[in-house]
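Enquirer: My questions will all concern the structure given below.
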Amino acid sequence: MQKSLTVSRPIRSKERFLVFGRPTIEEAEIAEVVDSLRKCWLGTGPKVARFERDFAAYVGSPHAIGVHSCTAALHLSLLAAGLQPGDEVVTTPLTFCATTNAILHAGATPVLADIDRRTFNIDPAAVERAITPRTKALLPVHFAGRPCDMDALGDIARRRGLVLIEDCAHAIETRYKGRPAGTFGDFGCFSFYATKNITTGEGGMVITRDEEKSARLKMLALHGMSKDAWKRFSDDGYKHYSVVELGFKYNMMDLQAAIGLHQLPRIERWLERRRQIWDAYDRAFADLPIELPAPEEAGTRHALHLYTILVDEARCGISRDAFLGAMTAHGIGVGVHYQALPEHPLYQRLLGWKPTDCPHATEVGRHTVSLPISAGLTDEDVADVIAAVKAILA
Ligand SMILES: *Cc1c(COP(=O)(O)O)cnc(C)c1O
């Protein structure tokens, strides 16, 4: 990336740099965190329990388990699904490294199925081709908040007897034929990282219909200690706990839940604000030589987490990386979601992946740019993003 790039008349000065993915934090969260601090209850406690209940109600799931991150949520789901070394998990090449790292941490082997070039979501036909006798699970990602083809993926999982785990890091508000993302599979994994649609700083959630799996997950998230170990310091007397499995330190803190409790009620309002920004970008860029996101499919709701454009040097006269540098020079923060996983040296070395394995994801990964679309953007911010894109591509 060309960090030193300068433009003659920047749209925004350095002092007014528009940070990509900036969260919106309001007074209620600040007061709730202060309340936790004053009560000296920082770790897992009543606020986590409340946030889990509220989140479960929002997505319509009987169980929700708060954890430290979506990465932890994915790791625990794969373990609770009973994956063994040598088992294969089919996933998408156009995702954050956490998706595939969780599979590796669980001791299983990730296998890629290329994306659908229009939706950027995993292509069910490619999933069918990637399945072997060792395949045990499917791990689709609802990219940018657009639901995957859950009829097709659910059908494959049923026919082949596979566990279905949904990476819903972008997809809290996502609906497919009226049903929330995360409720199709055996597990749905959500992220509340700082740039996501709602945040707890770091944080994640697993949802599942299965009461036993929910209990096992909760135990694995806290050292593998027996149920409700966090109650052991309560005022009705000391309780012994037993360690019954080799678990992890993945529990969510009350300090995190304190933020999430007040973010969740604003989620629909913020989605509407992102829809305004999305529509403004669609209108403003309609005549530019760039590829815009595909329209929302009928019968679905897109969570509008990322607005991605494709910059092709042959059409735009500027390379994607030069475009990233120029936007930054104009004072606008941008993102890349994502370079296809086979571009990374780790997976090349460990798994022998090559960029040519997934031509669609590789092509998208080399041309994609994410523009700011946080709900907190003002109309002036949005106008600045549009002006910068037009100034560079004019
Ligand atoms: C952000 C993200 C994750 C990881 O979420 P964390 O909460 O940061 O662990 C996983 N998958 C996708 C697609 C993501 O965007």
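Read the figures in this text as sums done on the coordinates, not as results from a lab. Small disclaimer: the values here were computed from a predicted structure and weren't measured. With ideal geometry, Cβ positions are generated from the backbone for all residues, glycine too; neighbour counts draw on all protein chains shown.
Enquirer: I'd like to know which of Trp41, Ser214, Pro10 lies farthest towards the positive end of the charge dipole of the chain, counting +1 on Cβ of Lys and Arg and -1 on Cβ of Asp and Glu.
Expert: Trp41
Enquirer: If I require 24 Å or longer along the helix axis, counting alpha carbons, and a Kyte-Doolittle average no lower than 0.0, what helices from the chain are left? Use full DSSP H segments.
Expert: none
Enquirer: Express the relative contact order of the stretch 122-205 as a whole percentage, based on alpha carbon pairs under 8 Å and six or more residues apart in sequence.
Expert: Relative contact order comes out at 23 percent.
Enquirer: Taking the Cα centre of the stretch 27-266 as the origin, how large is its charge dipole in debye, to the nearest 20, when only Lys and Arg (+1) and Asp and Glu (-1) carry charge on their Cβ atoms?
Expert: Here the size comes out at about 200 debye.
Enquirer: Starting from the Cα gyration tensor of the stretch 9-63, take the square roots of the eigenvalues, sort them a ≥ b ≥ c, and report rounded, prolate or oblate (rounded when a/c is under 1.5, otherwise prolate if a/b is larger than b/c, else oblate).
Expert: Since a/c reaches 1.5 but b/c is at least a/b, the shape of the stretch 9-63 is classed as oblate.
Enquirer: A further question on this structure: So if each residue of separation counts as 0.36 nm, and I subtract the Cα-Cα distance between Arg129 and Lys239, what length gain in nm does that give?
Expert: Extra length from Arg129 to Lys239 when fully extended: 34.4 nm.
Enquirer: Right, next: Determine the distance separating the Cα centre of the stretch 213-227 from the Cα centre of the stretch 50-71; give it in Å without decimals.
Expert: That distance is 15 Å.
Enquirer: I would also like to ask the following. Run the numbers on the chain and let me know its relative contact order in percent, using alpha-carbon pairs under 8 Å that are six or more apart.
Expert: The normalised contact order for the chain reaches 24 percent.
Enquirer: Sorted by mean Cβ packing within 10 Å, highest first, what order do the peptides 46-53, 121-128 take?
Expert: Packing order, densest peptide first, comes out as 121-128, 46-53.
Enquirer: Also, I was wondering about something else. Give Lys177/Lys390; Lys39/Lys249; Lys354/Lys390; Lys136/Lys239; Lys213/Lys249 a once-over and call out the pairs whose C-alpha atoms are over 27 Å from each other.
Expert: Checking Cα-Cα distances, Lys177/Lys390; Lys354/Lys390; Lys136/Lys239 exceed 27 Å.
Enquirer: Here's a follow-up. Mean residue ellipticity at 222 nm from the helices of the chain, using -39,500 (n - 2.57) per DSSP H segment of n ≥ 4 over the full residue count, to the nearest 500 deg cm²/dmol?
Expert: Using -39500 (n - 2.57) per qualifying helix, the result is -11500 deg cm²/dmol.
Enquirer: Beyond 15 Å, how much of the Cα-Cα pair distribution for the stretch 307-394 remains, as a whole percent?
Expert: 63 percent
Enquirer: Something else: Given Cα pairs under 8 Å that are at least 6 residues apart, what percent is the relative contact order of the stretch 79-228?
Expert: 16 percent
Enquirer: Roughly how far apart, in whole Å, are the Cα centres of the stretch 356-394 and the stretch 161-190?
Expert: 26 Å
Enquirer: Once you treat every alpha carbon in the stretch 73-127 as an equal point and sum by Debye, what is log10 I(q)/I(0) at q = 0.17, 0.18, 0.21 Å⁻¹?
Expert: Results for the stretch 73-127 at q = 0.17, 0.18, 0.21 Å⁻¹ read -0.53, -0.58, -0.75.
Enquirer: Tell me, what is the Rg over Rh of the chain, with Rh the Kirkwood radius over Cα pairs?
Expert: When Rh is taken as the Kirkwood radius, the ratio is 0.98.
Enquirer: I would also like to ask the following. Can you give the % of DSSP beta bridges in the chain that are antiparallel, to the nearest 5?
Expert: Given both bridge residues lie in the chain, the antiparallel proportion sits at roughly 60 percent.
Enquirer: Calculate how many DSSP beta bridges within the stretch 118-226 are antiparallel, expressed in % of all such bridges and rounded to the nearest 5.
Expert: Restricted to the stretch 118-226, the bridges split so that about 45 percent are antiparallel.
Enquirer: Compute the signed sum of charges (Lys and Arg +1, Asp and Glu -1) over the other residues within less than 13 Å, Cβ to Cβ, of Gly60.
Expert: My count for the surroundings of Gly60 gives +2.
Enquirer: Antiparallel as a % of all DSSP beta bridges within the stretch 162-206, to the nearest 5?
Expert: In the stretch 162-206, approximately 55 percent of DSSP beta bridges are antiparallel ones.
Enquirer: Something else: Along the charge dipole of the stretch 230-312, Cβ charges K/R +1 and D/E -1, which of Val244, Ala294, Leu264 sits furthest on the positive end?
Expert: Selected residue: Val244.
Enquirer: Going by the alpha-carbon gyration tensor, a ≥ b ≥ c the square roots of its eigenvalues, is the stretch 1-153 rounded (a/c under 1.5) or, if a/c is not under 1.5, prolate (a/b greater than b/c) versus oblate?
Expert: oblate
Enquirer: Let me ask something else. Could you state, as a whole-number percent, how many of the C-alpha pairs of the stretch 250-329 are farther apart than 15 Å?
Expert: Percentage above 15 Å: 71.
Enquirer: Binning at 5 Å from 0, report for the stretch 336-383 what percent of all alpha-carbon pair distances ends up in each bin.
Expert: For the stretch 336-383, the binned pair fractions read 5, 21, 19, 15, 11, 9, 9, 8, 4, 1 percent.
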